[in-house]
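We did not get these values from a lab; they are worked out from the coordinates using the rules stated. Source: prediction; values computed, not measured. In this analysis, Cβ positions are derived from the backbone assuming ideal geometry, glycine residues included, and neighbour counts consider all displayed protein chains.
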């Protein structure tokens, strides 16, 4: 099997050395063609080696990861971002379907990220995660962020503000959008509860996750009923009633 040409871009010598050792030992399907200390070196190395994968540190002196990507005429390689960002920024990575590793790099997470890259390359999926991620990091905790939704036959990119509510459907989640469109997404509702709850969404029932922006009315009851702007009525579970009402205080 032909190895994937791989580039490491990180301003810290220790980080470059340790990641190189981890890759050599645990990811034999990769070939490190160069390790770069800044975006100037990285730009030249990408032109020289045309790598298939780049390990890219987000924050570096003299320009960050996105400054590098902006310099390139095309991003025709996969990226695994290296970051020490806060939890809110990590949510942006998840929403963008971007591969990332937290510093210090965990070996199991490294192996998993590389396997996901291989899968995407094998399926010839070309998703501009870097562009979506850059937009999302500029709108932390905002519904201007975009979310990548995996479909059975590909993926869909949508703004959070366009999502009306989500409904659990066994191992899938059905998304209902403003305007009446629906999509069946290949992830459980629990995943979207975790990544969307900090961005104006609330789990009101084991089956429903709603966008609070579109709540028009609440009707009291044991748990009560939420009426959304499109007239849709959804039951609120008694156990989740307190959390839901707290979000409106």
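Observations, loosely collected:
- Antiparallel DSSP beta bridges within the chain, percent to nearest 5: 60 percent
- Relative exposure of 14, 162, judged by other C-beta atoms within 10 Å (fewest first): 14, 162
- Over the range 146-246, the alpha carbon radius of gyration divided by the compact-protein estimate 2.2 N^0.38 Å works out to 1.02.
- Between the helical axis of 107-122 and the longest alpha-carbon principal axis of the chain there is an angle of about 90 degrees.
- Theoretical FRET efficiency, 1/(1+(r/R0)^6), r = Cβ-Cβ of residue 197 and residue 44, R0 41 Å, to 0.05: 0.45
- For the peptides 145-158, 178-191, residues were scored by their other Cβ atoms within 10 Å and the scores averaged per peptide; the highest-first order is 145-158, 178-191.
- Order of 48, 225 - criterion: other Cβ atoms within 10 Å of each residue's Cβ, fewest first: 48, 225
- The candidate values were (1) 16.1; (2) 12.9; (3) 15.0; the one computed from these coordinates for mean projected area of the Cα convex hull in nm² carries the label (3).
- In percent, rounded to a whole number, the relative contact order of the range 1-48 is 49, using alpha-carbon pairs under 8 Å and six or more apart.
- Sorted by Cβ density within 10 Å, fewest first, the residues 81, 172: 172, 81
- A crude spin-label estimate for the pair residue 102 and residue 153, with each label 7 Å from Cα along the Cβ direction, gives 3.8 nm.
- Cβ-derived FRET efficiency at R0 35 Å, residue 76 paired with residue 25, nearest 0.05: 0.80
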